[in-house]
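Engineer: Please read through the structure below; I'll follow up with questions.
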Amino acid sequence: MSSYNRVTTECPPAELRPPLRQGIQTYFEQHSIGSFEDCLKCCETVSSRASSGWLAMVLSGDRDLEYVTALIVTHEWLIWARHSDHSGTSVSGARLKNVNVRPVKPLLSGDFGLEISGYVEGFSGRLRGTIALGPEPAARQFCDAAAQAVGEAHPKTARTFFGIPLLPRR
């Protein structure tokens with residue numbers, strides 16, 4: 001069972017909450033990504049702690065009672081940002097040609113998520129992690145759009161392992 005209740009909605013980038021929108025716009029500028037409004041898909045997830053007891057917060061290491069995550073996929077990039085009043089705003093991104101993505105649904109949770117594996121900007125090695133989303137259709141639609149964009153970004157001659165594209169070595 002998830003320790004957060006999540007709700008995911010699709011939205012245009014201009015309607016993201018101001019701290020997320022500002023953080024992502026800055027990321028676009030720093031990485032010369034192009035127009036912030038020219039994205040394939042954008043969604044926002046509000047995560048509210050289901051059990052807000054102090055022991056749960058200490059054990060999880062996450063002191064945020066609520067946080068918001070935004071995801072944007074363009075033809076070349078996947079960008080995600082997280083904001084809470086306690087932790088502030090953080091933005092990460094990856095070039096689609098350097099990652100693989102797949103939708104995931106944990107067995108014991110109503111949540112949905114996007115698993116990302118590969119090379120994320122600012123990190124030297126391969127990373128693997130999941131961005132938690134809500135159970136709404138908007139979450140599935142975003143994951144499908146991201147998977148399609150990643151598939152189109154990988155060369156057609158890419159090697160596969162049981163149908164999963166293998167990333168080129170750096």
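Bear in mind these aren't lab numbers, they're just calculated from the coordinates by the rules spelled out. What you see is a predicted model; the values in this text were computed from it and never measured. We place every Cβ from the backbone using ideal geometry, glycine too, and count neighbours over all the protein chains shown.
Engineer: In a Debye calculation with equal point scatterers on the alpha-carbon sites of region 87-126 and no solvent, what is log10 I(q)/I(0) at q = 0.36 Å⁻¹?
Structural biologist: -1.15
Engineer: Rounded to whole Hz and in sequence order, give me ³J(HN,Hα) for region 96-102 from the Karplus expression 6.51 cos²θ - 1.76 cosθ + 1.60, θ = phi - 60°, writing x for Gly and Pro.
Structural biologist: So the Karplus estimates, Gly and Pro as x, are 4, 5, 9, 9, 10, 9, 7 Hz.
Engineer: Rank the residues T45, T9, T74 as a footprinting-exposure proxy: fewest other Cβ atoms within 10 Å of their Cβ go first. Spell out each step's value before the answer.
Structural biologist: Working: T45 27, T9 14, T74 22.
Neighbour counts put them in this order, fewest first: T9, T74, T45.
Engineer: Can you give the Kirkwood hydrodynamic radius of region 4-156 from its Cα pairs, in Å with one decimal?
Structural biologist: On the way: mean 1/r = 0.0632 Å⁻¹.
Every distinct Cα pair counted, the radius reaches 15.8 Å.
Engineer: Still on this model: Amide H to amide H under 5 Å from V120: which residues, 5+ apart in sequence or cross-chain, H placed 1.01 Å off N in plane?
Structural biologist: So V120 has HN proximity to L127.
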